[in-house]
1. Net charge near residue B:302: determine it from the other residues with C-beta under 10 Å of the C-beta of residue B:302, scoring Lys and Arg +1 and Asp and Glu -1.
2. From the Cα trace of the protein assembly as shown, what convex hull volume per residue do you get, rounded to a whole Å³?
3. Take the Cβ-Cβ distance between residue A:137 and residue B:294 as r, set R0 to 45 Å, and report the resulting FRET efficiency rounded to the nearest 0.05.
4. Residue by residue through A:140-153, how many Cβ atoms from other chains fall within 10 Å of the Cβ on average?
5. For segment A:76-174, what is the accessible area per residue in Å² when the probe is 1.4 Å?
6. Distance cut-off 31 Å, Cα to Cα: go down the list B:414/B:440; B:77/B:236; A:172/B:382; B:251/B:530; B:414/B:530; A:122/B:382 and report the pairs above it.
7. Quick check for you: which residues of segment B:231-246 have the amide N under 15 Å from the point 7 Å beyond the Cα of residue B:40 toward its beta carbon?
8. Could you give the dipole magnitude of segment B:405-514 about its Cα centre, charging the beta-carbon of Lys and Arg +1 and that of Asp and Glu -1, in debye to the nearest 20?
Amino acid sequence: MTNELEDVMASHDVPADPSRRRLLAGLLTAYTASLIPWALAQPAPHADRGAFTALSAILVGRQALDATQTARLYDALVADDAHFPADVQTLLTLINQRQIDPQQLQNVLDTEHSPLAKLPRKIVGAWYLGVVGSDEAARCIVYETALNAVVVADVLKPPTYAYGTYASWANKPI
Amino acid sequence: MSEQLSADIVVIGSGIVGSLAARRLALQGASVLILEAGPRLDRGRVVAAFRNSPIKGNWMSPYPPSPWAPHPIYVPKDNGYLKQAGPYPYPAEYIRAVGGTTWHWAAMAWRLVPNDVRIKSLYGVGVDWPMSYEELDPWYQEAEELIGVAGAPDTGSPRNQPFPMEPVAEPWSMRRFRERLAPAYAVVANTVARNSRSYGGRPACVGNNSCQPICPVNAQYLGINAVEAAEVAGAKVVPNAVVYRIEHDAKGRIAAVHYYDPDKGTHRVTGKTFILAANGIESPKLLLLSASDKYPNGLANSSDMVGRHLMDHPSTSITFYADEELWLGRGPQSPSSINTLRDGAFRSEHAPYRLDFTNISQVLSVTQDLIKEGVYGTEFDKQLRWRAAHQVSVKNVLEVLPDPDNRITLSSEKDAMGIPKPEAHYSIGDYTRRAAEVSKADFARIAELMGGTGLRYSAEGNFANNQHITGTMSMGNDPKSSVVDGFGRTHDHENLFICSTGVMPTAATMNSTLTGIALALRTAGHILPKPANAHAAVSNAEREASLS
C-alpha cells in the first residue's frame with residue numbers, strides 16, 4: 001500500500017479489512033456514550049484506535065475529532081510508548097465501569113495512586129499542544145490544528161502567522 | 001594553513017553591532033572582512049523549525065548550536081556550554097550564527113535616559129560614562145535611521161531629530177492598559193526596530209506575534225539585515241570561522257587573528273585594524289584566550305577588567321487575570337511600557353526600572369497550566385478561552401550596578417574544538433533587590449486598576465534574565481579601571497577596537513542593542529571619520545531607501 005493510500009484510509013478511519021470494521025459504540029457504556037453521543041456510530045479501524053478516539057473525545061470534551069489528526073496522534077503516542085494502547089483500554093474501561101466525571105478523573109487517579117495517572121495528560125497534551133513525548137524525546141506532531149489553536153481561532157492566529165493587515169490588532173477583539 | 005585572508009578592517013563577529021560598524025567602514029572605502037564562528041541561517045528554515053518545535057516556549061529551540069561554535073542551551077536540558085560558578089545563576093542566551101543574537105529579539109531599540117551616563121556624579125552609585133548623552137544623540141539617530149526605529153516622543157530620552165517612523169499601532173490590550181492606568185501610570189508605545197510602514201525595503205508589521213523567536217516577514221530589523229547591508233557595502237563575511245586567538249606584534253599592535261574551520265583547519269587573517277564584536281561573553285573569552293608572554297593576563301587586560309562588571313537586566317513579574325477580555329497575542333509581542341521609573345533621586349537608594357507589558361499570546365502558557373491542573377472535558381475549552389482572553393503579565397527591567405566580582409572567566413572545561421568554555425560568576429546585589437521589592441507596589445497597583453484576580457507574583461528571590469549582556473569590556477577614560485576608551489579603542493592595543501554592548505559601563509534600564517549600535521557607529525566614525533554632515537548623508541540614503 002502506498003503512503004498516500006494509507007493516509008486516505010486513515011483520514012476516513014476505514015479499516016483495510018471491512019470485516020474488522022468496528023463502531024465505537026461497542027467500546028462504550030451508557031455513561032460514556034452519554035458524554036460523547038456522536039461517537040456511537042463512528043467507525044474505528046481497530047479496537048485500540050477506537051478506544052483512543054473515545055477516550056480522547058471524553059478528555060477533550062469534543063463531539064467530533066478529525067480522523068486524520070486522531071490517527072497521527074495515536075501513531076505518535078504508540079511510537080512513544082508501546083504500552084499506550086493497553087493503558088488506553090484500561091482507562092476507558094475504568095471510566096466506563098465507575099462512571100468517572102472527566103472533571104474528577106485526575107483527582108481520582110492521583111488519590112488512588114493509579115499507574116494510569118500520567119495518561120490523561122499525555123492524551124490531552126497531544127491534542128491541545130500537538131506535542132507527544134517529553135524532554136528530549138518530545139516531538140511536535142501538529143501545530144496549526146492543535147486544539148489550543150482551534151479553540152481561539154476566531155480571535156488569534158498561531159504565532160508566526162500574520163494576524164492581519166497593519167494595525168488590524170488595534171480594534172476590540174470580539 | 002590553507003589560505004591567508006587579509007583586509008583593512010577585520011571584524012570578529014557578525015551580529016547587528018559589528019555588522020553595522022563594518023557597513024559604515026566599507027562605505028568609507030575600507031576593505032572589510034567579517035569572521036563569524038557560526039553558520040549562515042535561512043529565515044524560512046528558522047520559521048519552520050519553530051513551527052515544528054515541541055518546546056515553543058523556548059525561543060532558542062529554532063537555533064540549535066553548531067558543534068564547532070556552541071552557544072548556551074538550557075531546554076530541554078543544559079548543554080553545559082556556559083559554566084555557572086554562582087552564587088546566582090546567569091543563564092545567558094545568545095546565538096552564534098551569521099547575524100548573531102538579534103535573529104530573535106523583541107526589537108526594543110531604546111535610548112538611555114540622559115542621567116544614565118552620570119549615575120556616579122548624580123546618585124553616588126556605579127560609574128559615569130566617558131561621554132554625555134548629547135554626544136550620543138547623533139549616533140543614536142544614525143542607528144535609528146539605519147535599522148528603522150518607530151517610537152513615541154514621551155519616553156524620557158530627548159532627541160534632536162524625529163523618529164524615522166511613527167509608533168507601531170497600539171494593540172487593543174495595550175490601549176486598555178493605557179486608559180485604565182492613567183493618570184497613575186503613563187503607558188507609552190515602546191521604541192522598536194519594527195516597521196510601522198514600509199521602510200528600508202521591508203514591509204510594515206502584520207502582527208505575526210512571533211517577534212521572538214523569529215519575524216517571518218522581515219518587518220522587524222534583525223542582525224541578518226545588518227549583515228546583508230554590510231555585504232552590499234562591500235564587506236565580506238566568512239561563516240564558520242571560529243576565532244580562537246588574537247595575535248599581537250612586539251609593539252603590542254594586533255597583527256592577525258587565527259580561526260578554526262569546522263574541520264579544525266587553521267587560518268590566519270591579517271589586517272590593519274581589528275574590531276572585536278563577538279558579544280559580551282565571547283569577546284572577553286577571546287581576549288583572555290589570547291594571553292601571551294607579553295600579555296599573560298590576556299589582551300586588552302592590563303587593568304584586569306576584561307570580563308568583569310558583567311551586567312544584565314534581571315526581572316520579576318506579576319501575572320493576573322484582568323476583569324475584561326484583552327486577548328494578548330494580537331499584534332507585536334512587546335508594544336508598551338511605563339518609563340517614569342527609569343530615573344529619579346531614588347537611584348541613590350535602589351535601582352531604577354522600566355515596567356514592561358507583554359503582548360505575547362497567552363494560549364501556550366494557559367494550555368500548559370490547564371494540563372498541569374488536570375482540567376478535562378468540556379471545561380478545558382471554556383477555561384482556555386477565558387484565561388487566554390484575560391491573562392496578562394507585567395515585568396520590571398531592573399538596573400544592575402557594575403561589580404567587578406560579576407564576571408566572565410575561562411572555564412577549565414573545553415568545547416568540541418578544544419577551546420575553553422566561558423564561565424559566569426554572578427550575583428544580584430541589594431541595590432537591584434531593593435528595587436524588585438519596591439516594584440511590587442507597582443505590580444499590585446496595576447493589578448488593582450485592571451480589576452485583577454488570581455494575582456501571581458514571580459517566586460521570591462527568583463529573577464528572570466533578559467539577555468542584555470553588558471559591562472564585560474567597559475569603556476572609560478582611566479586605563480586602570482576600564483578596557484576601552486570612549487571611542488571603543490582598547491587602552492592596550494592601538495589598532496584593536498571593541499564594538500559590543502559589553503563596552504557599556506552601566507546597564508541602565510533599557511535593552512542594550514541600540515546603544516551598542518550607536519557606540520559602534522561612533523567607533524567606526526572614529527576609525528574612519530566622515531565629512532561633517534555624515535549623519536545627514538546616511539539619513540537621506542535611508543529615507544530614499546524607505547521610499548523605494
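The values are calculated or read from the model by the stated rules, or taken from the named source; none is laboratory data. Computed from a predicted structure; not experimentally measured. Because the Cβ atoms are built from the backbone with ideal geometry, glycine has one as well, and the counts that use them run over all protein chains shown. Just so you know, the surface numbers come from the protein's heavy atoms only, side chains and all, with ligands and any DNA or RNA stripped out. Shrake-Rupley method; radii C 1.70, N 1.55, O 1.52, S 1.80 Å.
1. Net local charge, residue B:302 excluded: -1.
2. In the protein assembly as shown, the Cα hull volume divided by residue count equals 169 Å³.
3. Numbers: r = 51 Å, r/R0 = 1.14.
Calculated transfer efficiency: 0.30.
4. Working: counts 8, 2, 0, 6, 1, 0, 3, 4, 12, 4, 1, 8, 12, 0.
Per residue, the number of nearby Cβ atoms from other chains is 4 on average.
5. Numbers: 4670 Å² over 99 residues.
For segment A:76-174, the solvent-accessible area averages 47 Å² per residue.
6. Values: B:414/B:440 42 Å; B:77/B:236 36 Å; A:172/B:382 20 Å; B:251/B:530 29 Å; B:414/B:530 43 Å; A:122/B:382 20 Å.
Result: B:414/B:440; B:77/B:236; B:414/B:530 exceed 31 Å.
7. Zone members listed by number: B:231-241.
8. Working: 10 positive and 13 negative charges, 51 e Å.
Dipole about the Cα centre, nearest 20: 240 debye.
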